[in-house]
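Asker: Got a structure here, written out as structure tokens. Questions coming.
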Amino acid sequence: MKRAHLFGLLCFLTCLCSAQPKEDVIIWGTALNENSQGQQAVLREFQKRHPEYNLRAISMGAGGTDPQKLMTAVVGNVAPDVIIQDRFTISDWASRGAFESLNNLIARDIADPEDPLPKDYYPSTWQEVTYDGQVYGIPAEADNRALYWNRALFRQHAAELEKAGLDPNRPPRTWTELLAYSKTLTEFSPDGTLKIAGFIPNYGNSWLYMYAFQNDAKFISADGRTCTADSKESEEALQFIVDGYQVIGGYDKARNFESGFLSDENDPFILGKVAMKIDGNWRLNSISQYAPTLDYAVDPAPVPDARFKHLGRFAKDKDTFITWTGGFSYAIPKGAKNTAGGWAFIKFATSVEGRLIDSAGQAAWDRYKGRTYIFVTQSNKDANAELYRIYKPADPKLAAALKTHIDLMSHARVRPVTFVGQVMWDELQRALENACQKSLTPHQALLRAQHTVQHELDAYYDHTKHPELNLQVVFWSFVAAGVLALLVLVLLYKRMKLGKLHRHDAKWGYLLISPWIVGFVVFTLGPMIASLFLSFTEYNDLTDARWVGMANYAATVTSDKMNVWKAFSNAFYLAGVGVPLGIFTGLAIAMLLNTRVRGLRWYRTIFYMPAIVPTIPSAILWTWVLSADPSRGLVNSIWAETIQKWISLPAPGWLQSEAWAKPALIVMGLWGAGSGMILWLAGLKGVPRSLYEAAEIDGAGPRKQFLSITVPQLSPIIFFNAVIGIIGALQEFDRVYVMKPSSETAGPGDSLLVPVFYLFRNGFGYFKMGYASALAWLIFLIILILTAIQFKLAPSWVNYEADG
Amino acid sequence: MKGFYAASILCSWLGIACLLTSVYQLFAAKAALQPERTQRLKSALFDFVIGGGFFLLAAIIPHQASRGLSLPVFWPIMPFAAWAAFTFVVLALVEATNWAFLGSKKTPLYAIVWLMAASLFFWGFKASGDPLVFATGAIPLSIQGAVALAAFAVAALFAMAGTSNKLRLGGYARVLVTHLTLLVGCVVFGLPFFWLVITSLKEDRDMVSANGIIWVPKVQQTFSAMDTVPSIYATSFEGRAVKVEIMFKSPDSSARVNVVSPAGIQGLAFDTPLSKLHQVAVDAPEVTGKFKGLNVMGYVLEPFSDGRQKVKVLTPQGLKGQVFTDIPSNLEPLRKVGLRWENYSDALEYLPPEADNGLTYLKNTLLITILSVIGTILSSSLVAYAFSRIRFPGRDVLFGILLSTMMLPSAVTLLPKFIVFRQLGWIDTLYPLWAPAFFASAFNVFLLRQFFKNIPVELEDAAKIDGCNYLHSYWRVMMPQVKPALTVIGIWTFMGAWNDFMGPLIYINSPEKMTISYAAQLFAVDRATEPGLIMAFAAMSMVPVLLLFFFAQRYFIEGVTLTGFGGK
């Protein structure tokens, strides 16, 4: 809890470890798949050169570790020694004190040729790993973005382009040109939908950042305390995006067009459905693999006209073209047990030699698989030069494209280095959406984003105003109170007038229930009190706790209103639609089975089986069954063959679309309706036959019988199911965690954000223990209210006669 | 020929089904009482003989047609008008049967009306000229074939209904419709399973198909050849048998080699003396193409990095042994209907080395589930026993507290529990996943208390007179009485522990301590581009639970009715 504590433990563990002949070096974030062959080569080489270490590389999910995983490890004192992490997140981690500063190590090894020094790196990449003057990671791979344009399409439309005064043999270089080219190259189908899009501003990998960087927008003040998301520069950039969509027929049209896009060999750029796009160098791989003959070129992305002509505020700016770079870096988490080993590995892996070994490993693999090897651009200048010398592709198109990307590295910008990076990203995303849909002007949209981000910043910088708490004291005082209460109880017991036999019985009674008593105190009562207490504090387990009073609860209805509301409304959607549908499906099957049909047991087994399939495999199965791509997903392929052909209704996007993500979960839930069916079957068997016979004599038809006998007789079970179902929907977690399409967000547009997931993310992802506890109590409260309402309403429609 | 082939496949499937039923009957006989027992043994023998017969048939029927045909997966693609016509015909049939067997008066009229509607739509369908497709991605059935199949299905349903002695309920028609609906339901519920199994046995190239799902997996035909480039050698690396290719030879009669299999260390390079390398045959893919104006079949000798392939001809005889090079679009890979079982072994090989081909995961998961089951049963029953039979001050208050904790969502205690386990130093250990089970769960205590209460007090009194103390009478008298309830609780706990995902997600950080469900999620993320492997892994992680289900189905179903929910 205290740093001194942690340090002591660290020393102790280091001592323990050094007693053994080989020290473990644990590395997280390496993937175990086809594209990690280079990484594996580096690991093997390091192991060979340093027999004193025992390297243990662990994949915790592809493309970087889940933030929650790393945070629990750091807090739980089982942190790895090295973490390979998206560079963009470094400042966030550093601000929470989760990473070690590398300054001392760099300074110590200044004589070592492998020592990473800022002069060897592109300034922007080094800037991204520096937070508050301290270096927290060493950059490795670096990507950047450029304009990909389809030369063949340009040639096809040469006449039209020339008519519009545009040169069909070169790409656009300014924003104005870009829009002019886009307008000329865009084609519409007779029904008004897009056939070929000249340029979709936010397709590929550009976002608002790319255009804003080109226009010199800054998103955060130099001291990091003020968010400046809404500036003249960023507004212009956003306006450009809006205009870009206008040129191709509007945002909605473009989004519809995009929803039909597939990847790999069906990439719309490869197929010539998109003439130009801004994308990263990783795209070269799929182009060379799936469309080696494609006539395309890669050039720097067009910039604002003023920048291109070096006018106005760009008069003194040397950079004509600007790109945006991201990538990976190697860092040491706080609490790493073998810092020395970790640092040795980082130095080796990020050195020019390490980078070359990485590339050689991947190159060998690609050659073995019969693919063209395209090296990954690096943050280290010399590494890039060497790589280009050794692995320059034979194909001149590819070589030129790579050269463009490498040359752009010196003109790269990075996302603002701030701990509110993720919030800023989310908010800018929202602003872009709002502006493009014209629900807000660029100014309004950006201003709103700025407010939200600023609120986060203020909360952080103001938190010192809250009084500090010593949790040790709090804990022991609670323990003391507990002991006191126990003493009182013992005293009361002693003073009770009980017979000898009775006392003997009582002793046995207490003895036998003691497992529950202990469990209750340690795992329920204690945590409950702790949770309630924490909900009034700000506590991240790495720094001291602060008493904030009701602020956490207030935040759920003020600053964080949007997310909380989203989470609960999603849960209510799942419950409101899913529970009745589930009851209906189960009841329908049960009623069919209750007609004394032969083979009941077989049918029952088949309908029940999906309900007992373990959650995780079935969630994995359903992510694929509900894949939006009709050439992969079971449901959509059937849909494309039937419904789409009959009534031309396109297949839904399921988990990849905002509107269909929750229905996807519900459909999957219906698959498990079998357990309900068993219950209904038992209930139906319990309905006296005489009731139906009497009804038949009275001339009641099947529908009448169902409504006035079956439903009332089953109402207690319906009621019970509804209660359990709603409580279950409010506690949904596993399926959402597995089925969300990307690890950063909870489904497209947060459409799968459910309360427990949000709590988990806050609690274990950011270790906002206080806020997460407040959320937990909010969930509890809502469950309580809902249950109370249900019980209140129950007497009016639930019929308990049958039980009596 | 195609028909023979389909019949043969069908026969072997039926054979497998019969044998499975036979095995099931044997198991059931073990548990059954006398008259039923003989009955079951008899039917086991019967099924066995029939199954054998089917296998024989499958072997006898010549199946020379080795490619080009898929199983008739019945997936009719009809335009709306055809569907409408079909529906009205069914309605007419229903009315007709009602009239024929139940003597209903008005129905012939309805039947005629439905038939007229049907013919109207049929005419519309004919006039539109829309295509009618059965079994997409598979064989296009002829109309006669479809009619025959439909007739067969109807006959089968009638036979089933005919054996039913519950005709009074509403006639054949009703039974037929019920069965039809149920069967459609079964198909819908079973389809994802089927798809899972099929996908887990497909080659990568069959995963994506623009013409709908590929239902009949095919595998590449291979030819065992020694002369392919690169040559593959068998050797050993750190005690493991590996297959390698030579990257380059060094002057000192050693070579730098590159591991090709097992998959887990693919791409690993090491140096080894040439004397330790033994060349092995390679399963080279077979292709067909055109060479010297003839259709030829051969195997790929060497793939070039620009995509071209060098092919050595196998047939026709005249050109055998000759070599030519062509681009892939002119070479059609030779594939046969078959299953790619390698997905399963590959999925295990691709796991990190600590996982020991997945055994570590299985071991961890079993450890957690077994300890949880033991812990839950022991602690919950002890506590429930005390609450139901022993009188002590404060009992009712404590029981009230216990009941109220059932309402508490686990989310509330999630974070503080983490702090508790962290203070205990239990992060990245398996303890947090099973230790709490030894402290009794409220719901199980509540359930068991109901059962204990129903046991007559006299039983226990008798034991007490024999000198038993509470522990004795709990263990000897009470526990045997509630065995069914304990089994149900055991099964629920098993399922809960097996399914637990959030626990490992929070507490487990290293591969050697991972459980199956967490490993499955990580695997699905890691191998996102290889659905075959993912599905194989998912299928394997389902198997133990499904096995438990088949052998203890009765308790599962009892459990649902006992507790009121499905354990999910």
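Every number here is computed from the coordinates shown, using simple stated rules; none is lab data. Bear in mind the structure is a predicted one, so any value in this text is a computation, not a measurement. Using ideal geometry, Cβ is built from the backbone for each residue, glycine included, and neighbour counts are taken over all protein chains shown.
Asker: Ignore the peptide's own chain and count Cβ atoms of other chains within 10 Å of each Cβ in B:386-396; give me the average, rounded.
Answerer: 6
Asker: Taking Cα atoms of segment A:397-523, Rg/Rh with Kirkwood Rh, to two decimals?
Answerer: When Rh is taken as the Kirkwood radius, the ratio is 1.43.
Asker: If you don't mind, another one. Give, as a single signed number, the net charge of other residues whose beta carbon lies under 10 Å from the beta carbon of A:V756, with Lys and Arg counted +1 and Asp and Glu -1.
Answerer: Within the 10 Å Cβ shell, the charges total -1.
Asker: What does the charge dipole of chain A about its Cα centre add up to, to the nearest 20 debye, if the Cβ of each Lys and Arg holds +1 and the Cβ of each Asp and Glu holds -1?
Answerer: With Lys and Arg at +1 and Asp and Glu at -1, about 2000 debye.
Asker: Less than 28 Å apart at the alpha-carbon level, and either on another chain or at least 8 residues along: which lysines does that give for B:K310?
Answerer: Within the straight-line cut-off, B:K310 pairs with A:K369, A:K392, A:K397, B:K202, B:K218, B:K243, B:K249, B:K290, B:K292, B:K320, B:K336.
Asker: With θ taken as phi - 60° and the coefficients 6.51, -1.76 and 1.60, list the Karplus ³J(HN,Hα) couplings across segment A:697-713 in order, rounded to whole Hz; mark glycine and proline as x.
Answerer: These are the phi-based 3J(HN,Hα) values: 4, 6, x, 7, x, x, 5, 4, 4, 4, 6, 9, 10, 4, 4, x, 5 Hz.
Asker: Here is a further query. With the cut-off at 1.5 for a/c, could you classify segment A:481-535 from its C-alpha gyration tensor as rounded, prolate or oblate?
Answerer: Taking the square roots of the gyration eigenvalues as a ≥ b ≥ c, segment A:481-535 is oblate.
Asker: Also, quick follow-up: Would you work out which of B:M535, A:A445, B:G185 lies farthest towards the positive end of the dipole of the protein assembly as shown? Charges go on Cβ: Lys and Arg +1, Asp and Glu -1.
Answerer: B:G185
Asker: Nearest-5 percent of antiparallel DSSP beta bridges in the protein assembly as shown?
Answerer: 85 percent
Asker: Same structure, new question: In whole Hz, what ³J(HN,Hα) sequence does segment A:626-642 give by Karplus (6.51, -1.76, 1.60; θ = phi - 60°), x for Gly and Pro?
Answerer: Values per residue, Gly and Pro as x: 9, 4, 5, 6, x, 8, 10, x, 5, 5, 6, 5, 5, 4, 4, 7, 10 Hz.
Asker: Once each part is reduced to its C-alpha centroid, what is the distance from segment A:200-234 to segment A:151-182 in angstrom?
Answerer: Result: 27 Å between the Cα centres.
Asker: Here's something else I'd like to know. If the reach is capped at under 18 angstrom between alpha carbons, list the lysines near A:K662, excluding any in the same chain fewer than eight residues apart.
Answerer: Of all the lysines, those that pass the test against A:K662 - Cα under 18 Å, at least 8 places apart if same chain - are A:K566, A:K740.
Asker: Just how far, in whole angstrom, is segment B:471-531 from segment B:17-57 if you go by their alpha carbon centroids?
Answerer: Segment B:17-57 and segment B:471-531 have Cα centres spaced 33 Å from each other.
Asker: Can you compute 3J(HN,Hα) from phi for each residue in segment A:421-426, using the Karplus curve 6.51 cos²θ - 1.76 cosθ + 1.60 with θ = phi - 60°, rounded to whole Hz and x for Gly and Pro?
Answerer: x, 5, 4, 4, 4, 4
Asker: Follow-up question, since we're still on this one. Which value in deg cm²/dmol, rounded to the nearest 500, describes the helix-derived mean residue ellipticity at 222 nm for chain A, given -39,500 (n - 2.57) per DSSP H run of n ≥ 4 and division by the residue count?
Answerer: Helix contribution divided over all residues of chain A: -17000 deg cm²/dmol.
Asker: So if I place +1 on the C-beta of Lys and Arg and -1 on the C-beta of Asp and Glu, and nothing else carries charge, what would the dipole magnitude of segment A:102-172 be about its Cα centre? I want it in debye, nearest 20.
Answerer: That gives a dipole near 560 debye.
Asker: Is the shape of segment A:262-333 rounded, prolate or oblate, going by the alpha carbon gyration tensor and its root eigenvalues a ≥ b ≥ c, with a/c under 1.5 for rounded and a/b larger than b/c for prolate?
Answerer: Because a/c hits 1.5 or more and a/b fails to exceed b/c, segment A:262-333 counts as oblate.
Asker: Then there is this: Using the alpha-carbon atoms, what tilt in degrees (0 to 90, nearest 10) does helix A:561-593 show relative to the longest principal axis of chain A?
Answerer: It works out to around 60 degrees.
Asker: From other protein chains only, count the Cβ atoms within 10 Å of every residue's Cβ in A:464-477, then give the mean.
Answerer: Averaged over the peptide's residues, the number is 0.
Asker: For segment A:677-744 and segment B:430-447, what is the separation of their C-alpha centers, rounded to whole Å?
Answerer: Spelled out, the Cα-based centre of one part sits 30 Å from the other.
Asker: Viscosity 0.692 mPa s, temperature 37 °C: give me the Stokes-Einstein translational D for segment B:350-503 in µm²/s, with Rh taken as the Kirkwood radius over C-alpha pairs.
Answerer: Roughly 187 µm²/s, to the nearest whole number.
Asker: Could you work out the Kirkwood radius for the protein assembly as shown, taking every pair of different alpha carbons, averaging 1/r and inverting it, reported in Å?
Answerer: 35.7 Å
Asker: State log₁₀ I(q)/I(0) for segment B:477-559 at q = 0.20, 0.26 Å⁻¹ as given by the Debye formula over alpha-carbon point scatterers of equal weight, solvent excluded.
Answerer: Reported log10 I(q)/I(0), two decimals: -0.95, -1.20.
Asker: What number comes out for the charge environment of B:I368, summing +1 per Lys or Arg and -1 per Asp or Glu over other residues with Cβ under 11 Å away?
Answerer: That works out to +1.
Asker: Across peptide B:187-197, what mean number of C-beta atoms from other chains lies inside 10 Å of a residue's C-beta?
Answerer: 6
Asker: Okay, next question. Considering only DSSP beta bridges whose two residues both sit in chain A, what percent are antiparallel, to the nearest 5?
Answerer: Of all bridge pairs located within chain A, approximately 70 percent are antiparallel.
Asker: With +1 on each Lys and Arg Cβ and -1 on each Asp and Glu Cβ, and nothing else charged, work out how big the dipole of the protein assembly as shown is about its Cα centre, in Debye to the nearest 20.
Answerer: 3720 debye
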